[in-house]
Amino acid sequence: MDEVRPTSVPQAHGLVPLFPPGLQAIYGECRRLYPEQANPLQVTAIVKYWLGGPDPLDYISMYRNMGCPAQDIQEHWHYVSFGLSDLYGDNRVHEFTGADGPSGFGFELTFRLKREVGETAPPTWPAELMQGLARYVFQSENTFCSGDHVSWHNPLDNSESRIQHMLLTEDPQMQPVQTPFGTVSFLQIVGVCTEELQAAQQWNGQGILELMRGVQIAGGPWLITDMRRGETIFDIDPHLQQERVDQGIETEGSNLSGVSAKCVWDDLSRPPEDEEDSRSICIGSQPRRLSDKDTEQIRETLRKGLEFNSKAALPPITSQRQSHERPQSRKDSLESESSAAIVPHELVRTRQLESVHLKFNQESGTLLPLCLRGRLLHGRHFTYKSINGDTAITFVSTGVEGAFATEEHPYAAHGPWLQYSWPEKKLKISVLPDSVFDNPLQ
């Protein structure tokens, strides 16, 4: 439960700030932008997360931004979170790993909401939206980066608005700050319509954000969210879909290399009673877990912001972590819950299969054209990673280096990880209701 109150920044009689250094550093950046709003309204968690409360963000400050009439930037409310980074440096929330790396998760969230005529105080619903995203980050330990998309499937303010999803980008005004506990950047939430989300999935988030910056109604240069916006950028300018998005997909492909999904696969080349390698059995109560090396390779296929190389390649199977990754205390998105249950890599053999049956829920199924048009036709790969277990399905183009599925053996399984080498035609795919995946034992 949160409460709204004015910010108070006490000082120790003019010398040493009483606020923790991480908190003070972010407040300093806010004061740089809003020197006349030293005590903005603030939503604060009544029971802090580190005391057992449900909300990971200690505070969300809310500022009135006058915009920039010369650049046709409208007045709006500016929200800034405190808590995804390390505010305290005493391990109460985040493990302190030094000043050279990221502070906590390395970022805070911001949001810019159009100020409606007559509004004298900022709406507080964005604070709960930001808490929801923060809960996802803390629970999954997956971080966000610029260009990411969030499929929300609900109006952000719980109204009848068409703004039901989000993209993330760098905040146009707030600069990264260096704290004693590491660096903090600021990622801005941008509300988008379903059609804009789909375009971001099929092409790339940065491309759609750039189109939105050029459409004043859709956000303009600072990407200000207007919950009353009833038209998509494609309604406003129909040429954008064909001349920019479709052409971008055709020439560049998609930079979305994988998604978390509801999916399973069955080996049709073995009789049902062969339980040793049946996928129907493996997704039951004691699934076989991915090894560390498999996990590392699938994780690499899902990395955000991959650069387009002249020759596509799956990373080699390796357990070595790169030095630029976040600290090992952070759980990567594809790591198993219990390392004790992992089957050693050398004991899991790669099997060539004759035929497989892929099963996806409806939302995952809608991404199959993206997988083909935006990835495989450009010589790349695309991975579905099950949210219900360790099952993973990777589509690879012929010639992708590092793949164990080949043109000669288009279906290959390594434990619960299946690779399919396109364009093999003998493939059975079913799109099924969510209920099938919610109860995998049926």
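The values are calculated or read from the model by the stated rules, or taken from the named source; none is laboratory data. A quick note: this is a predicted structure, and the numbers were derived from the prediction, not measured. With ideal geometry, Cβ positions are generated from the backbone for all residues, glycine too; neighbour counts draw on all protein chains shown. The area values use the complete protein model at the heavy-atom level, side chains included, leaving out ligands, DNA and RNA. Shrake-Rupley method; radii C 1.70, N 1.55, O 1.52, S 1.80 Å.
Close amide-amide hydrogen proximity is noted between Phe186 and Glu108, Asp171, each under 5 Å apart and 5 or more residues distant or on a separate chain (H modeled in the peptide plane; Pro and chain starts excluded).
Ordering Trp222, His76, Ala45 by Cα displacement along the dipole of region 21-252 toward the positive end leaves Ala45 in first place; charges were set at the Cβ atoms of Lys, Arg (+1) and Asp, Glu (-1).
Pick out, in residue order, every one of the trypsin sites (Lys or Arg not before Pro) in region 196-260 that is DSSP loop and has at most 14 other C-beta atoms within 10 Å; say none if there are none. Filter output for region 196-260: Arg228.
Per-residue Karplus couplings for region 259-265, computed as 6.51 cos²θ - 1.76 cosθ + 1.60 with θ equal to phi - 60°, are listed in order as 9, 7, 8, 9, 7, 8, 9 Hz, Gly and Pro entered as x. Here the simple spin-label model places points 7 Å from the Cα toward Cβ, and for Arg135 and Asp100 these points are separated by 3.8 nm. Using a simple spin-label model with pseudo-atoms 7 Å out from Cα toward Cβ, His409 and Val117 lie 7.0 nm apart.
Out of the total accessible area of region 21-252 (probe 1.4 Å, heavy atoms of protein only), what percent is carbon and sulfur? Write down the numbers at each step before the final one.
Working: 4470 of 9320 Å².
After summing per-atom areas, the C and S share lands at 48 percent.
For region 204-220, backbone phi angles converted through the Karplus equation (6.51, -1.76, 1.60; θ = phi - 60°) give residue-by-residue couplings of 6, x, 4, x, 5, 4, 5, 5, 5, 4, x, 10, 4, 5, 8, x, x Hz, Gly and Pro being listed as x.
Hey, got a sec? Which GluC sites (Glu not before Pro) in region 114-179 land in a DSSP loop and have at most 16 other Cβ atoms within 10 Å? Don't skip to the end; give the middle numbers.
On the way: sites: Glu116, Glu119, Glu128, Glu141, Glu160, Glu170; in loops: Glu116, Glu119, Glu141, Glu160.
Filter output for region 114-179: Glu116, Glu119, Glu141, Glu160.
Taking region 197-213 and a reference point 7 angstrom along Cα→Cβ of Gln164, the backbone N atoms nearer than 18 Å belong to 197-202. For Thr124 and Asp246, the FRET efficiency from 1/(1 + (r/R0)^6), where r spans their Cβ atoms and R0 equals 56 Å, is about 0.90. In terms of overall dimensions, region 21-252 has a Cα radius of gyration and Dmax of 17.7, 53 angstrom. Of the residues Val431, Val215, ranked by 1.4 Å probe accessible area with the largest first, the sequence reads Val431, Val215.
Taking a sphere under 14 Å around the Cβ of Ser151 and counting the other residues whose Cβ falls inside, with K and R at +1 and D and E at -1, yields a net charge of -4. Here the mean projected area of the convex hull built on the C-alpha positions of region 164-235 is 5.3 nm². A Cβ-based charge dipole, computed about the Cα centre of region 21-252 with Lys and Arg at +1 and Asp and Glu at -1, lands at about 660 debye.
Can you give the direction-averaged projected area of the convex hull of the alpha-carbon atoms in region 62-144, in nm²? Kindly include the intermediate steps, with their values, before the conclusion.
Numbers: hull surface 28.8 nm².
Across all orientations, region 62-144 yields a mean hull projection of 7.2 nm².
Compute the relative contact order of region 21-252 as a whole-number percentage, counting only Cα pairs closer than 8 Å that sit 6 or more residues apart in sequence. Don't skip to the end; give the middle numbers.
Working: 438 pairs, mean separation 41.2, N = 232.
So the answer I get is 18 percent.
For region 149-270, report the translational diffusion coefficient in µm²/s to the nearest whole number, using Stokes-Einstein at 37 °C, 0.692 mPa s, and a Kirkwood Rh over Cα pairs. Provide the component values of the computation, followed by the final result.
Values: Rh = 16.1 Å.
Estimated via Stokes-Einstein, D reaches 204 µm²/s.
Amide H to amide H distances under 5 Å link Val192 with Gln164, His165, Met166, Leu167, where only residues 5 or more positions off or on other chains count and H is placed in the peptide plane. Shown in residue order for region 173-190 are the 3J(HN,Hα) couplings computed by the Karplus curve 6.51 cos²θ - 1.76 cosθ + 1.60 at θ = phi - 60°: 10, 7, 9, x, 10, 9, 10, x, 10, x, 8, 10, 9, 10, 9, 8, 7, 10 Hz (x for Gly and Pro). Per residue, the solvent-accessible area of region 21-252 (1.4 Å probe, heavy atoms of protein chains only, all protein chains present) comes to 40 Å².
Only sites in a loop by DSSP and with at most 14 other Cβ atoms within 10 Å count here; which trypsin sites (Lys or Arg not before Pro) in region 88-154 make the cut? Write down the numbers at each step before the final one.
Numbers: sites: Arg92, Arg112, Lys114, Arg115, Arg135; in loops: Arg92, Arg115.
Filter output for region 88-154: Arg92.
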